[in-house]
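Worksheet: one structure, shown below.
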Amino acid sequence: MFDPKKIRRDFPILSSRVHGEPLVYLDNAATTQKPRQVIEALSRYYKLYNSNVHRGSHSLSNQSTALFESARDEVADFIGASSPKEIIWTRGATEAANLIAYSYADAVLCAGDTILVSVLEHHANFVPWQQIALRKSASIVPIPLGADLTIDLEKLQQLLAKHQPKIVAVTHVSNALGVINPIKGITQLAKSFGATVVVDGAQAIAHEPVDVHELGCDFYFFSAHKCYGPTGIGVLWGREAFLEQMQPWQFGGEMIESVSFEKTTFNTLPFKLEAGTPPIAEAIGFAQALTYLNSLDRSAASLHEKSLRALAIKRLSEIEGVRLIGVDADNVGILSFSVDQVHHQDLAMMLDQSGIAVRSGHHCTMPLMTYLGVSGTLRASFALYNTEEEVERFALCLKEAVIALTETTSEHPEAHSAAIAFISPDLPELTATLQTACSWQARLAALQQWAEQLPHLPDTLRQPERLVRGCESHVWLYAEQTDECYWHFAIDSDARMMRGLAYLLLAAFQGKTSKEIISFDVSDLLSACKLNQFLSPSRTNGVYAMVDAMKTIAKSTPTDLAFFGNKI
Ligand SMILES: Cc1ncc(COP(=O)(O)O)c(C=O)c1O
């Protein structure tokens, strides 16, 4: 029987605590944790075999080359490649997509050609196509989804017939929703119209059996770190004939055959597409991750992940206000949802304080979020080491967070008055409150209370041109300057925690001169208030984005700025 509790013992990080609570790691779609076997393989390599590969003239180099090349063999076996020559090491899925775009698409695309890309795509399998299309005067046409949020084969067929695309780029599994696309059907259709099919396997490789020849695609790529392996390495698989046709995209050592001042000739596959010293330890670590996976009952693991998702769906459906997205579709164990009246970032932050790691935001799928009509979602993604107890704890903490955040919601329409209110909270008082707060709950409560006290901006000012760039939630900023050169700011946000933080920043910046604003060090403020450890990277980025926007205003000619109102 598949026993996640036994498997957990292989993952040292899973017994750690976060904010004093046991870690519940449900951000596996971002990156999976690493088993002891992988960590030890990395360490063993550096302790026993570290040396450069291929060009060495000593035994250590022979050993490390043998390990490195056998890692390539292992990957080739894992995905059913015809030969290790078809396995190109990259830095990750993103680099693999860029490599196809620059070395393959650049050569085959002509002005007027079309690339079909599904609306589900991660930016890694979207932006490279958009950019190459721009360069080649080709166009990108979105493939829409069916009711189950997977690629709709009927609509795909119509698009293929209409546009006769050169390339069709699709994801095997959606990172935002977890839905599994019918890749075999997609490739059969697309190839019957003569298109080259590129499949992003970043979210599939750890969960679904992958046989590239059975799938029938031309390129398939993924990152090791989403499959229990190290960061910094990924794989591009391509049919040998396609890879042969591709020109190198980076030049240097390893990828050459001979070099003279007159001419350089290139190495054979796979080396001609791998310039420079490769990620040797990472390749060896990744092979160990695949060996580890192969030692488990993979179909039982996949069923286990799906059953955790089913349990999460059941529990979350019982929470008022929760809207699950893509519930019915077959799925690898990723659950995306939103909660009425509560910002996903606020929820993620509260869950983090209970040791629960989930992801909130657009998940690098902004076209999909637009398609779904949401600004972002909360995403819980399960791996083979997660347990039912963890799902229960996640659901319970989520319920408590939703209640806490909806009880005090300030999003009443009448709260949006027509007047702009410039408030000046007392900085020493706020700092002291945070400094003396005995726990994260107390700090959170203070921020929530300040969020309540922050006046909303009038709707006429909550407009796109006043949005602060670099914040994952919406933050609107308005500024005015008095004749005595003092600045007055008003800030609003759709996320509770950002409003609380904006309140604190207003205490620091309100009524100050340009010089005072520019010289203010916000990192000192965050550490004085003990917020530097408490805030997630995305929240910290949000704080710095607000500060940068206020500093930019203070530095620039007011009339140039969208944030700027009239002189008062
Ligand atoms: C579906 C998908 N494609 C591509 C990527 C990019 O992977 P990496 O950042 O490892 O290059 C991700 C990462 O989240 C993903 O989920």
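Restricting to the range 194-241, what percent of DSSP beta bridges are antiparallel, rounded to 5?
60
Need one number: % antiparallel among DSSP beta bridges in the range 170-252, to the nearest 5. Don't skip to the answer; put the middle values down first.
On the way: 6 of 11 bridges.
Of all bridge pairs located within the range 170-252, approximately 55 percent are antiparallel.
Tell me the carbon and sulfur percent of the accessible area for the range 148-249, rounded to whole percent, probe radius 1.4 Å.
50
Can you give me the accessible area per residue for the range 83-165, using a 1.4 Å probe, in Å²?
Accessible surface, normalised per residue, equals 39 Å².
So, counting K/R as plus one and D/E as minus one, what does the shell of residues with Cβ under 15 Å around A380 add up to?
Neighbour charge sum, excluding A380 itself: +2.
Which percent, to the nearest 5, of DSSP beta bridges fully inside the chain are antiparallel?
That works out to approximately 65 percent antiparallel.
Using only Cα atoms, find the angle between the long axis of helix 427-436 and the longest principal axis of the chain, and express it within 0 to 90 degrees, rounded to the nearest 10.
The angle comes out near 60 degrees.
Contour minus end-to-end for L296 and K530, with contour as 0.36 nm per residue of separation and end-to-end as the Cα-Cα distance?
Length difference between fully extended and current span is 79.9 nm.
For the range 349-507, report the accessible area per residue in Å² (1.4 Å probe, heavy atoms, rounded to an integer).
Solvent-accessible surface per residue comes out at 40 Å².
Taking the Cα centre of the chain as origin, sum charge times position over the Cβ atoms of Lys and Arg (+1) and Asp and Glu (-1), and report the length of that vector in debye to the nearest 20.
Taking the Cα centre of the chain as origin, the dipole is about 760 debye.
Within the set of other residues whose C-beta is less than 11 Å from the C-beta of G216, count the net charge using Lys and Arg as +1 and Asp and Glu as -1.
Net charge in that neighbourhood comes out at 0.
What share of Cα pairs, in percent, lie more than 20 angstrom apart in the range 429-559?
Across the range 429-559, Cα pairs with separations above 20 Å total 42 percent.
Taking the mean number of other Cβ atoms within 10 Å as a proxy for protection, how do you rank 384-392, 10-18 from highest to lowest?
Peptide ranking by packing, descending: 384-392, 10-18.
Note down the magnitude of the dipole of the range 426-568 about its Cα centre, charges +1 on Lys and Arg C-beta and -1 on Asp and Glu C-beta and zero elsewhere, to the nearest 20 debye.
300
Relative to the longest principal axis of the C-alpha atoms of the chain, give the angle of the C-alpha long axis of helix 183-192, reported between 0 and 90° and rounded to the nearest 10°.
With both axes taken from Cα atoms, the answer is about 70 degrees.
What is the Cα coordinate range of the range 110-169 on the first, second and third principal axes, sorted by size from largest, in whole angstrom?
For the range 110-169, the Cα spread along each principal axis is 34, 26, 10 Å.
By how many degrees, 0 to 90 and rounded to 10, does the Cα axis of helix 344-353 deviate from the longest principal axis of the chain?
On a 0 to 90 degree scale, this one is about 90.
Using the Kirkwood radius built from alpha carbon pairs, what does the Stokes-Einstein equation give as D for the range 459-510 at 20 °C and 1.002 mPa s, in µm² per second?
Roughly 184 µm²/s, to the nearest whole number.
For the chain, what percent of Cα pairs sit more than 48 Å apart?
19
Please work out the Cα center distance from the range 175-235 to the range 428-465, rounded to the nearest Å.
Rounded to whole Å, the Cα centres lie 44 Å apart.
Note down the nm distance, to one decimal, between modelled labels 7 Å out along Cα→Cβ at E262 and at E240.
Roughly 3.2 nm, to one decimal.
Ordered by packing density, taken as the mean number of other Cβ atoms within 10 Å over each peptide's residues, highest first, how do 365-371, 522-528 rank?
365-371, 522-528
Compute, for the range 46-192, the length of the dipole vector about the Cα centre, with Cβ point charges of +1 (Lys, Arg) and -1 (Asp, Glu) only. Units Debye, rounded to 20.
320
The values are calculated or read from the model by the stated rules, or taken from the named source; none is laboratory data. Note that the coordinates shown come from a computational prediction; the quantities given were computed from them, not determined experimentally. For neighbour counting, all protein chains shown are included, and Cβ atoms are generated from backbone atoms with ideal geometry for every residue, glycine included. Side chains included, ligands, DNA and RNA excluded: accessible areas come from the protein's heavy atoms. Shrake-Rupley method; radii C 1.70, N 1.55, O 1.52, S 1.80 Å.
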